[in-house]
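Below is one structure; the comments refer to it alone.
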Amino acid sequence: MPPRGRRTGLAVSTVPICDPEGTRTMKAIRRRTTSLARIATVGLIAAVATGTLATTASADSVAVANPGFESGYFDGWRIINSRKVALSDIGNTGHHSAKIQGTGGEVRQDVTVTPGTDYTLTAYVRGKGVIGARVGGDTYTSSGGGRGFEPVSVDFNTGSASTVEIFAAYGGKTGRFDDFTLSTGPAPGAGFDPSVWDSSEAGDYIKSSDPYVLSFDGLEQFTVTGSGGGPRDELKTPVAARKASDEIYESFSADIRFDLDDGVKLIAHQIHAGTGAGFSTQVKLYVQDSSPLGIFKGEGEQDFSIDDYPLLEGVPSNGVFDVYVRVQIPGFVSGDGQINEEIFDLGTVRSGETMRYEFINDYGVVTVDSTIGRTSTSFTYDMQDSQASYMKFGSYVQAQDAESGCNVTNDLDCEYPGWVPYGEASSPAEAEVLWRQYFADSDISKARVTFSNVVHTGGPLQ
């Protein structure tokens, strides 16, 4: 009898879909769900906090006008793009909710707050949507929802502001919003526990603990391991806690800010299985300002060109970073002469910009949701992998030439016109010398990745 939650004989295929609003998605034709999946979709995802962090106050409510949309027609709220906003007769409590059903649709309200105070904004969302608060020049957001109304919360600090703008917005699908509350103090049970992670490959990554803001820079920490393809600064699941992906439910969400020099390529989040590198990595979130030629270089295919990657911007060292996820294709073996991974393009960012990211492993069925600017992308993929796996996140910099995609140490026998490898390395120490020389010659010294208000639920660590 298979372990609880393991699928037997379930095949899930993916097809591209474009909704009427033009939002790119990748949906599974069939998807198995569990009761936990509804819980995990309520990820507390907030923008990187740049304001002052204050001591959490006792929980007190702040008045929100017409929080359940029962008084008049959006009394107390401002409607943005009225064609995309309507008053719904379906409510969480009462008889109404705000229905937002297209890109650009929002309802907003100004609320008086106390400066220098931590607040939590909570609303109940049915379908899918985004709630948030604009505080001075900063915007804090969280997405979620479900088949029924599910609570979604976002934490923020007011800094010097005495008034903030709270809002509900379109999140990629039609959403209904009800029962807004604003209270002092963070939402209970949300956040991140650093004590359960293996930090042996990480430096001093905690920048704030109330709420948690975690910052990594592989070029600053420069941890070198025997199986790595570049310097890293990461947290990972401890060896003793690792379990097969199809035996656990696990979710991870955060807003991720990238402060990077031109030409950087790095992995910010990954699920790794077994031992070794490359083919045994099930899911990888890449951010790169380099040629896409390096994506599959040395994995059996030698004739790639920029035309093979129509979704990627692909211009090396121009300050525009492609963001994409590589997912292992079940049944393929590295070195068999075929591409053994699939790419899902999430968009592009520039240095200093932030993306919202949520990863869910539902007993081997992986879902990734991301938002970059106004573009939301979602895909679901069946991993079908029973190897013991572990999560890693941070700044894992790839020691690859930006133009050719070739590894600096040429350990994959990469060939490209004009490219001369820095040498071969037979040990981590030798590799470090060559990597440092390459990054210095390329004027690359910054690869900072900041995760704000990380929420990690389920998995082997809980």
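The values are calculated or read from the model by the stated rules, or taken from the named source; none is laboratory data. This one's a predicted model, so the numbers in the text were calculated from it and none came from an experiment. All Cβ positions, even for glycine, are placed from backbone atoms using ideal geometry, and neighbour counts span all protein chains on display. The accessibility values were calculated without ligands, DNA or RNA, using every heavy atom of the protein model including side chains. Shrake-Rupley method; radii C 1.70, N 1.55, O 1.52, S 1.80 Å.
Screening SER208 against (1) open to solvent by less than 50 Å² (accessible area, probe 1.4 Å); (2) at pLDDT below 90; (3) under 19 Å from ASP401 (Cα atoms) leaves a single unmet condition, (3).
Taking the criterion of being closer than 30 Å to PRO67 by Cα and within 19 Å of the chain's Cα centre (by Cα), would at least one residue in region 198-212 satisfy it? Within region 198-212, one or more residues are closer than 30 Å to PRO67 by Cα and within 19 Å of the chain's Cα centre (by Cα). Cβ-Cβ distances below 9 Å connect the following pairs, each with a first residue in region 81-93 that is on the phi < 0 side of the Ramachandran plot, a second residue that is surrounded by fewer than 17 Cβ atoms within 10 Å (Cβ to Cβ) and of a type in the set (Phe, Trp, Tyr), and a separation of six or more residues or different chains: LEU87/TYR73. Please specify each residue of region 403-434 satisfying the condition of being open to solvent by 10 Å² or more (accessible area, probe 1.4 Å) and within 28 Å of the chain's Cα centre (by Cα). The answer is GLU403, ASN407.
Among the residues of region 367-391, those identified as more than 16 Å from TYR249 (Cα to Cα), open to solvent by less than 30 Å² (accessible area, probe 1.4 Å) and not polar (S, T, N, Q) are ILE372, PHE379.
Of all the residues in region 211-248, those that are over 22 Å from ASN361 (Cβ atoms), in a loop (DSSP other than H, G, I, E, B) and open to solvent by less than 40 Å² (accessible area, probe 1.4 Å) number 8. Do we have any residue at all in region 43-54 that's more than 30 Å from GLY352 (Cβ to Cβ), at pLDDT below 95 and open to solvent by 30 Å² or more (accessible area, probe 1.4 Å)? The answer is no, given that none of the residues of region 43-54 is more than 30 Å from GLY352 (Cβ to Cβ), at pLDDT below 95 and open to solvent by 30 Å² or more (accessible area, probe 1.4 Å). Of all the listed residues (GLY203, GLY218, GLY230), the sole one being in contact with a Phe, Trp or Tyr (Cβ under 9 Å, 6 or more places away or on another chain) and without any contact (Cβ under 8 Å) to a residue 40 or more places away in the chain is GLY203. The strands (runs of 3 or more DSSP E) found entirely in region 91-137 that carry 3 or more residues being open to solvent by less than 30 Å² (accessible area, probe 1.4 Å) and touching a Gly at 6+ places or on another chain (Cβ under 8 Å) are 118-135.
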